[in-house]
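Before any comments, here is the structure.
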Amino acid sequence: MTTPQTPNFDRISPTALLVACARQMSGLPYTREIVELTDAFTVVKQFLALDNQTADKLASGAPVRLQTAIGAALIEARYRAIEQGLARFRPTQILELASGLLPRGMIWSENPEITFVESDLPTMIEQKQQVVEHLIGSRPNLHFQAIDATQRPNPLLCNAVFDAAKPLAIVCEGLLMYLTFAEKQQVCANVRELLQTYGGVWITSDFSTLEDRQRRHQHEVMQQIDAKIASATGRAFADNEFATVDHAKQFVAAQGFQVEAFSRVDVIDQLQCLAGLDIDRGQFQPLLTVPIFALTLATH
Ligand SMILES: C[S@@+](CC[C@H](N)C(=O)[O-])C[C@H]1O[C@@H](n2cnc3c(N)ncnc32)[C@H](O)[C@@H]1O
């Protein structure tokens, strides 16, 4: 009999530094400071076992400038598209799952009327809290919680911070594609229970697809980085992604959600990563095909 393996989610955490590096070209607030404070390039170099030459190329741009800019633009696009979806719901309380080194909590909590909870695995959230305290100090409406989003019974429910009389917006980018289908189901069950308690919406970019991954892999650098991520995390996107958007929609329907899809293409003109680069829009736009999902409880 084989012993079931304990999932080692901590192996995924350094990917937060990888996407933080990508985001520093986005012009989003705090992104450069976060990279500097965490020495993210050095961590990523070790994590992905990059040789000096590749690491220097990635840090400096040439001759992979176009391909790295495209990768960074995809990270920027998912952030901005989630922001667009979130703004439509005018949330007053927000829970971010797997927040990593995102600046969203710092930005939304500038408004004292908004309660924002950042959550991630214990080590990651501790590092995040330190970074945030360094950058903006502490705020009474910005909280940090160590939460494994896959854990059952539901760790998201015992939350003294939120007001049960107000709807909750849950956000998540860059987590589910690392999780097995069974782990995704556990996250869905936790979020479903949260929405049953508070009402509200779950906005996520994470129902990514293999057909989309194949389009990205036409860019060699992205293929190479995904292979290195798989070996560093022990988790391959090929094992964990949905075949198509319809497959993802069927999955969320089976988990008790109804879905409204938002196009990522809507944010294409906002992408600062692409500014100044001679990129053919027709070539980039297909990489934004997978929509952002806004999930609410199914009514039937
Ligand atoms: C690719 S990073 C994305 C971070 C952030 N959302 C972003 O977009 O920059 C993946 C994140 O998932 C977190 N993570 C991995 N497994 C987790 C789990 N079971 N529960 C909560 N967070 C998890 C990692 O610590 C890491 O911060």
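Per-structure values
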quantity	calculated
Every residue from the stretch 162-173 that is assigned to a loop (DSSP other than H, G, I, E, B) and touching a residue at least 60 places away in the same chain (Cβ under 8 Å)	PHE162, ASP163, LYS166, PRO167, GLU173
Enumeration of residues in the stretch 181-216 that are in contact with a Lys or Arg (Cβ under 8 Å, 6 or more places away or on another chain), within 11 Å of the ligand (Cβ to nearest atom) and open to solvent by 10 Å² or more (accessible area, probe 1.4 Å)	GLN186
Scan of the stretch 253-280 for residues that are of a type outside the set (A, V, I, L, M), open to solvent by 30 Å² or more (accessible area, probe 1.4 Å) and part of a loop (DSSP other than H, G, I, E, B), ordered by number	SER263, GLY276, ASP278, ASP280
One residue from ILE136, ILE147, ILE82, ILE125 being away from the ligand (no atom under 11 Å from the Cβ) and either modelled with pLDDT of 95 or more or surrounded by fewer than 22 Cβ atoms within 10 Å (Cβ to Cβ) (or both)	ILE136
Selection status of ALA77, at pLDDT 95 or above and buried (at least 22 other Cβ atoms within 10 Å of the Cβ)	yes
Among residues of the stretch 120-141, those that are farther than 26 Å from ALA72 by Cβ and in contact with a helix residue (DSSP H, G or I) (Cβ under 6 Å, 6 or more places away or on another chain), counted	0
Subset of the stretch 160-174 [among the aliphatic types (A, V, I, L, M) and open to solvent by 30 Å² or more (accessible area, probe 1.4 Å)]	ALA160, VAL161, ALA164, ALA165
Boolean, ALA59 is under 21 Å from THR38 (Cα atoms), at pLDDT below 95 and within 13 Å of the ligand (Cβ to nearest atom)	no
Flag if VAL191 is hydrophobic (A, V, I, L, M, F, W, C), in a strand (DSSP E or B) and over 19 Å from THR68 (Cα atoms)	no
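Residues checked against (1) among the β-branched types (Val, Ile, Thr); (2) free of Cβ contacts under 8 Å to residues at least 24 places away in the same chain; (3) open to solvent by 30 Å² or more (accessible area, probe 1.4 Å); (4) assigned to a loop (DSSP other than H, G, I, E, B):
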{"site": "ALA227", "(1), (2), (3), (4)": "no, yes, yes, no"}
{"site": "ASP239", "(1), (2), (3), (4)": "no, no, yes, no"}
{"site": "PHE251", "(1), (2), (3), (4)": "no, no, no, no"}
{"site": "GLY282", "(1), (2), (3), (4)": "no, yes, yes, no"}
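The values are calculated or read from the model by the stated rules, or taken from the named source; none is laboratory data. No experiment lies behind these values; they were computed from the predicted model shown. Reconstructed Cβ throughout: ideal geometry from the backbone, glycine too, with neighbour counts over all protein chains shown. Just so you know, the surface numbers come from the protein's heavy atoms only, side chains and all, with ligands and any DNA or RNA stripped out. Shrake-Rupley method; radii C 1.70, N 1.55, O 1.52, S 1.80 Å.
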